[in-house]
Amino acid sequence: MSKSVELAGLIKAQAGADPVRYGLILGSGLGHIAGAVDGVTIPYDKLSGFPHAGVSGHNPVLAVGDLEGQRVAVFGGRAHYYERGNPGEMRLPLEVLKELGAEAVILTNAAGSLRAEMPTGSIMALSDHINFSGLNPLIGETTDARFVPMGDAHDPELRAKLHAAARAEGVEMHEGVYAWYSGPSFETPAEIRAIRTLGADAVGMSTVPEVILARFMGMKALAISAITNMAAGMSDENIGHEHTKAMAPLGAAKLEQVLRRMLRDMG
Ligand code: HPA
């Protein structure tokens, strides 16, 4: 039996066997949303092979149950490439999500803004991404499934539903391109100027490998950034992990409001 089938069996034994419809992976400072799920909560350390999600500001639990009338699996924390140098760090959790029946994964992250009109506290739907790191979680995969088309990686229909939910809630939802920078050091001002020239609107250290893995597994992907700072060199705002954690709640409150509305309106 594969590891993901085994873990999905263990989760179903606790949370019930009804298929999950959506997965949510929560970024820095956003992990509390796992606590809003009406269902079962399992710490990652009870799920053998799950990342230990050792970055402060994350909540390393899996919550499976009801959120706004939808059956969801919420991952309160993620592992990043910069923790251990493995871009496929989130492969097992995503395989388990697929095994639980999910059709789509909704990813959230904290990010720096490259647009003056998108200040700290804003939220941005990802229309697309730039893999600025050049890393790929599918390197080493041997099946032809590794040649994943990425033309509509950020699902247009889900994005339209997200924007409709934001409008209905009166919350401003920006849209733009996210660049994945490996981290854990932040970018230099010259790197920010370079990625702005390449077409990026926001920058962060996650999400892109998960979108690639989700598409590889045949799940749709929707990703949203909570802007926690202006990117390096764009303002004299402090940049650092403490600042990210302190500012994440500003966007997180809006993000939670919009995501709840979206789930409620999904029918
Ligand atoms: N750069 C990279 N990752 C981030 C940033 C940033 O400015 N802010 C939050 N996560």
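The values are calculated or read from the model by the stated rules, or taken from the named source; none is laboratory data. What you see is a predicted model, and the numbers here were worked out from it, not measured in a lab. Don't worry about glycine lacking a Cβ; one is built from the backbone with ideal geometry, like all the others, and counts go over all protein chains shown.
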Quiz item: Consider V96 against the criteria (1) assigned to a loop (DSSP other than H, G, I, E, B); (2) crowded, with 24+ Cβ neighbours inside 10 Å: it satisfies all of them except one. Which criterion is unmet?
Solution: (1)
Quiz item: Would you say G88 is touching a residue at least 12 places away in the same chain (Cβ under 8 Å), in a loop (DSSP other than H, G, I, E, B) and farther than 28 Å from R260 by Cα?
Solution: yes
Quiz item: Using beta carbons and a limit of 7 Å, which pairs, at least six apart or on different chains, have the first residue in the range 176-195 and surrounded by 19 or more Cβ atoms within 10 Å (Cβ to Cβ) and the second one part of a helix (DSSP H, G or I)?
Solution: A179/I195; W180/V208
Quiz item: Which pairs have Cβ atoms under 7 Å, sit 6 or more apart or on different chains, and link a residue in the range 100-115 that is more than 8 Å from the ligand (Cβ to nearest atom) to one that is among the basic types (K, R) and in a strand (DSSP E or B)?
Solution: E103/K220; A104/K220
Self-check item: Residues located in the range 192-214, provided they are over 18 Å from A73 (Cβ atoms) and among the charged types (D, E, K, R)
Solution: R193, R196, D201
Practice problem: Please work out if A200 is in contact with an Asp or Glu (Cβ under 9 Å, 6 or more places away or on another chain), at pLDDT 95 or above and among the hydrophobic types (A, V, I, L, M, F, W, C). | Solution: no
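It is to be established whether one or more residues within the range 233-241 are away from the ligand (no atom under 16 Å from the Cβ) and either part of a helix (DSSP H, G or I) or touching a Cys at 6+ places or on another chain (Cβ under 8 Å) (or both).
No, the conditions are met nowhere in the range 233-241.
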